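Chemist: Below is one structure. I have some questions about it.
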Amino acid sequence: MKLDELQALAAFAALSQETRLSMVRSLVVAGEQGLPAGVVGDAVGASSSSASFHLSHLERAGLVTSRREARSIIYAANFDALSGLVEFLMRDCCQGHPDVVAGATKAAADCCAPDEQAG
């Protein structure tokens, strides 16, 4: 997903609040299956009404998705949007200086490396 500047600004605005940033990080760890809203709130120490407010804000910014399962609303990180945000930041960043992205490249390689014990 390629973000334009306005989409990136909305995403950065949503992530500029500590609770919302923590929520996105928790949902990234949870993976595609996501987590119920209450679990996300508990993970970041937010009341249910506060969690709902913050998750709605993240959803409007396109960073999370929601779906209903029985009586629960399940939230999940929107990996396409998050990837687009990283790509937006890194687009044209190097300008001949690959050391600019060395830390991000290493972090991606470390977290995305195949599990040595799997297989």
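Chemist: Taking the conditions exactly as written (surrounded by fewer than 19 Cβ atoms within 10 Å (Cβ to Cβ) and assigned to a helix (DSSP H, G or I)), does Cys111 satisfy them or not?
Modeler: Considered against the rule, which asks whether it is surrounded by fewer than 19 Cβ atoms within 10 Å (Cβ to Cβ) and assigned to a helix (DSSP H, G or I), Cys111 comes out as yes.
Chemist: Tell me whether region 14-21 contains one or more residues that are at pLDDT 95 or above, among the basic types (Lys, Arg) and either under 19 Å from Val86 (Cβ atoms) or in a loop (DSSP other than H, G, I, E, B) (or both).
Modeler: yes
Condition check ((1) in contact (Cβ under 8 Å) with a residue 60 or more places away in the chain; (2) not in a helix (DSSP H, G or I)) across all residues:
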| residue | (1), (2) |
| --- | --- |
| Val29 | no, no |
| Gly38 | no, no |
| Asp42 | no, no |
| Ser50 | no, no |
| His57 | no, no |
| Arg67 | no, yes |
| Ala81 | yes, no |
| Val86 | no, no |
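Chemist: Among the numbered criteria (1) more than 14 Å from the chain's Cα centre (by Cα); (2) under 14 Å from Ile74 (Cα atoms); (3) at pLDDT 95 or above; (4) surrounded by fewer than 16 Cβ atoms within 10 Å (Cβ to Cβ), which single criterion is violated by Gly41?
Modeler: Every condition holds for Gly41 apart from (4).
The values are calculated or read from the model by the stated rules, or taken from the named source; none is laboratory data. Not measured: the values here are computed from a predicted model. Neighbour counts are summed over all protein chains in view; Cβ atoms, including those assigned to glycine, are modelled from backbone coordinates with ideal geometry.
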